[in-house]
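Below: the structure, in structure tokens.
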Amino acid sequence: MVYENKNLLICGGGGFIGHNCVEYFANKGGYNITATYFREENYTPVTGVKYVQVDLREEQQVQYLVQGQDIIVQAAATTTGSKDVIERPYLHVTDNAVMNSWIFREALLNDVEHLIFFSCTVMYQPKDVPQKESDWSASDEIYGNYFGVGSTKVYLENMCDFYSRLGNTKFTAIRHSNVYGPHDKFDLDKCHVLPAFVNKIINSTKTLDVWGDGSAKRDIVFIDDLVDMVDRIIEKQDSKYKLYNCGAGKAYSIKELANIIMEVNNKTLDIQYDLSKPNIPTVLILDCDKAKDELGWEPTTKVVDGIKKTSEWYKQTYLNTNDN
């Protein structure tokens, strides 16, 4: 379905998930797109999209921004890598709580049709079996290193549910697994494990340093599959509030991911495990049957293909070559 003259606001349009959403919906057509960014140097504009520099932590700026919008995709967030999750976990709490509180409230007050919020999966208990949305309970203890960000995300999911009961605005929260793909962060001090490996492996000739023992497992999802879910939610959700898992339904160990990235990039490196570095030894797998049943969604990108596309984008963007 293509909407005519719908005003679509994508918060965080300069970031990884936001930029991919901007590209997708700009190419799809039928939307008047406004995208926000925080810092001038942090975004690459997409043709036909209106960009607004805004601090989403400021109430008045959010009030002005939301006026006249029909759909909001809320992809703005303060995000960092596993190092900060362990050493400075508070970075994920205050800013995200503040900006989403203003955005959710203004969506309600301005009678926005639909708001989609990107949550996370760190509230789930580590398990070796796939977990449904309903498998998490408030009585569960969130894994120690994730307590701050996980508690914040749960609070914001509840706020989506809360505001959906007060007016006409539909809300959706997506618990996505580790997302990867083009336009991700590849700064080793800020990025997640998969883009960190892409960076390290492509630029190394002998060794690959891995934090921990490589046994931790992650459910990962390619960015195109996540954006496809967003599109399906906009088109198909009819209830006031929904919560969906979004993942591959399979967990890959850190060691497996490293080996796949090396194979894709024709590299053979000596993996050296650094047990002195921060390590989050959890296993998480998502059950996404709810999205399949209600939206007709399931991931279609094979991990090898997704990693290949991510590696090629990294080379083109940072090395200006595909011959590595």
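Residues checked against (1) more than 16 Å from residue 308 (Cα to Cα); (2) modelled with pLDDT under 90:
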position: 194; (1), (2): no, no
position: 212; (1), (2): yes, yes
position: 215; (1), (2): yes, yes
position: 229; (1), (2): yes, no
position: 256; (1), (2): no, no
So, in the stretch 207-247, of the ones that are among the polar types (S, T, N, Q) and under 23 Å from residue 162 (Cα atoms), which residue ends up farthest from the chain's Cα centre (by Cα)?
239
Need the failing condition index for residue 184 against (1) touching a helix residue (DSSP H, G or I) at 6+ places or on another chain (Cβ under 6 Å); (2) acidic (Asp, Glu); (3) not in a loop (DSSP other than H, G, I, E, B), just the number.
(3)
Please verify whether the stretch 44-58 includes one or more residues that are closer than 15 Å to residue 234 by Cα and either loosely packed, with under 13 Cβ neighbours inside 10 Å or of a type in the set (Phe, Trp, Tyr) (or both).
no
Complete set of residues in the stretch 270-307 that are touching a helix residue (DSSP H, G or I) at 6+ places or on another chain (Cβ under 6 Å), farther than 21 Å from residue 175 by Cβ and either without any contact (Cβ under 8 Å) to a residue 40 or more places away in the chain or surrounded by 17 or more Cβ atoms within 10 Å (Cβ to Cβ) (or both)
307
Here the residues within the stretch 106-120 that are open to solvent by 10 Å² or more (accessible area, probe 1.4 Å) and in a loop (DSSP other than H, G, I, E, B) are 110, 111, 113, 120
Test each condition in (1) touching a residue at least 24 places away in the same chain (Cβ under 8 Å); (2) out of contact with any strand residue (DSSP E or B) (no Cβ under 6 Å at 6 or more places or on another chain) for residue 210 and report the one that comes out false.
(2)
I need a count of the residues in the stretch 135-175 that are touching a residue at least 24 places away in the same chain (Cβ under 8 Å) and either open to solvent by less than 30 Å² (accessible area, probe 1.4 Å) or part of a helix (DSSP H, G or I) (or both).
26
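The values are calculated or read from the model by the stated rules, or taken from the named source; none is laboratory data. Note that the structure is a prediction, hence the values are computed from the model and not measured. No Cβ is skipped: glycine too gets one built from the backbone with ideal geometry, and neighbour counts run over all protein chains shown. Heavy atoms of the whole protein, side chains included, go into the accessibility calculation; ligands, DNA and RNA do not. Shrake-Rupley method; radii C 1.70, N 1.55, O 1.52, S 1.80 Å.
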